[in-house]
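Everything on this sheet refers to the single structure shown next.
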Amino acid sequence: MKKNILAALVCTALVTAGCGGSSGGSTTGTTTGTTTGTTTGTTTGTTTGTTTGTTTGTTTGTTTGTTTGTTTGTTTGGDDRPRPAAGTVKTSSLSGSSIVSNGATGNAGSGPVAISSGADNSFPRLAAGDFWWVNNAFNSGNTNFADWFQTIELPGGNGNLAASVSYDWGAEGDLGNEFATVSFPELIFGAKSEFEVSGSFDDTGLPIENSKLPAQINIDYNYSYDQQASGSSTADSNTDFSGFNVAIESFWHESCDIVRTGGAADNQVFEMMVWLHIGKRGPVAEGRNNAVGVFTDSNGRTYDVFSKTDAFFRRGAETNVRNYLAFVAQVEQFSGTIPYHEFINEVRTNTAAYGTGWRDLQDSDCLANILLGTEVWYGAANFRWNDVTIQQVY
């Protein structure tokens, strides 16, 4: 699935300009030298921005004092972070979280954030605990319905939060390309790009190299939807559930320094999806056509499996390779537990069961994120993540 290249670039511009309501900056360079002496005092303040560079030298002396403040940046981190100790458990719950202010004027921390043909900007994002909730209308130009809209919120209040989206993208007949999605409103957990990072490595455990993955990643989920009749004049009066899916997905990059801007430097190498709901469109064709296999998880739930070649832009050295695997549940369950690590293990160790020509994942490749959302092709609906809990056991 192609993701929001435009939105990533828009967010880049907004971050630089202070889309979170604070000033940001970027420092790039190399510092070399020796510092000797004693520093005593107190430093208080806030630093926001990105620092890139190398510091080489020797520091000798004594530093005494107190540092108070907040440092916020967009660095996703390198490949040298230690794996948490065996037995460590990280748990992130949407419903149990509190709103994190986005600092944007005119948008409360819980939303709503509304977009439309007259205001097509997927940011600012909403934040709750270790999650970001974003509109991500990355391909809105694919509908000819002039009155389309989409609105995200975080209703329920702290300690009882949900993530909801309402939209009307017109009828199937309004699509320019009937097979292309228009939007993927999503919860971001981890790093979608270097500018879209929902929390620190200490909090989310992401990005992380394959060699340091948790022994288990379990995702408890609960969702609901209410399909509506579209306001498009080309729509009939009936409603159906065919214009969207419900999916959890992840991207791997060849480094934990995540690069994803739509350019030649992008370093994503693999995409994996777990579909919980399927509509008229499937991962590669209409519905469940062209499946390449079947997979059953330890809970006894069975999925049809689909693959793609060159699922997203990669530089020339890695063209004509299979780099996408999707697992589509044969039976929809509106709540349950996904043993996500089992799907990760499958794409790491058993892609040969689903064909040839794969871009095999390496131990040094980096799992960047877990993204939970609904891909929309057409139609009108209210969709809601009632809860998402991600538990990682090392």
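The values are calculated or read from the model by the stated rules, or taken from the named source; none is laboratory data. Every value quoted in this text rests on a predicted model; they were computed, and no experiment measured them. No Cβ is skipped: glycine too gets one built from the backbone with ideal geometry, and neighbour counts run over all protein chains shown. Accessible surface areas use protein heavy atoms only, side chains included; no ligands, DNA or RNA. Shrake-Rupley method; radii C 1.70, N 1.55, O 1.52, S 1.80 Å.
Quick notes
- Measuring nothing but protein heavy atoms, the accessible surface of the stretch 306-390 at 1.4 Å probe radius is 44 percent carbon and sulfur.
- Gain on full extension, evaluated as 0.36 nm per residue between S242 and E286 minus their Cα-Cα distance, stands at 14.8 nm.
- T389/V259 FRET efficiency (R0 35 Å; Cβ-Cβ; nearest 0.05): 0.75
- What the stretch 259-394 shows is 35 Å² of accessible area per residue, with the surface traced by a 1.4 Å probe over protein heavy atoms.
- Under 17 Å from a label point set 7 Å out along the Cα-to-Cβ vector of N382, the amide N atoms of the stretch 164-202 belong to 164-169.
- Stokes-Einstein D for the stretch 287-380, Kirkwood Rh over Cα pairs, 10 °C, 1.306 mPa s (µm²/s): 105
- Placing +1 on the Cβ of every Lys and Arg and -1 on the Cβ of every Asp and Glu, with no other charges, gives the stretch 123-219 a dipole of roughly 220 debye about its Cα centre.
- Its relative contact order, with pairs defined as Cα atoms under 8 Å and 6+ residues apart, puts the stretch 104-188 at 33 percent.
- q = 0.15 Å⁻¹: log10 I(q)/I(0) that the Debye formula gives for the stretch 242-348, counting C-alpha atoms only: -0.67
- Area of D363 that stays accessible when all protein chains are in place (1.4 Å probe, Å², to 10): 90
- Placing dummy labels 7 Å off each Cα toward the beta-carbon, the span from S98 to N177 is 4.4 nm.
- Inter-site label distance for D202 and T91 at 7 Å from Cα along Cβ, in nm: 2.0
- Average accessible surface for the stretch 87-169: 37 Å² per residue, computed with a 1.4 Å probe over protein heavy atoms with every protein chain in place.
- Residues D226 and S116, FRET efficiency given R0 of 30 Å [Cβ-Cβ distance, rounded to 0.05]: 0.90
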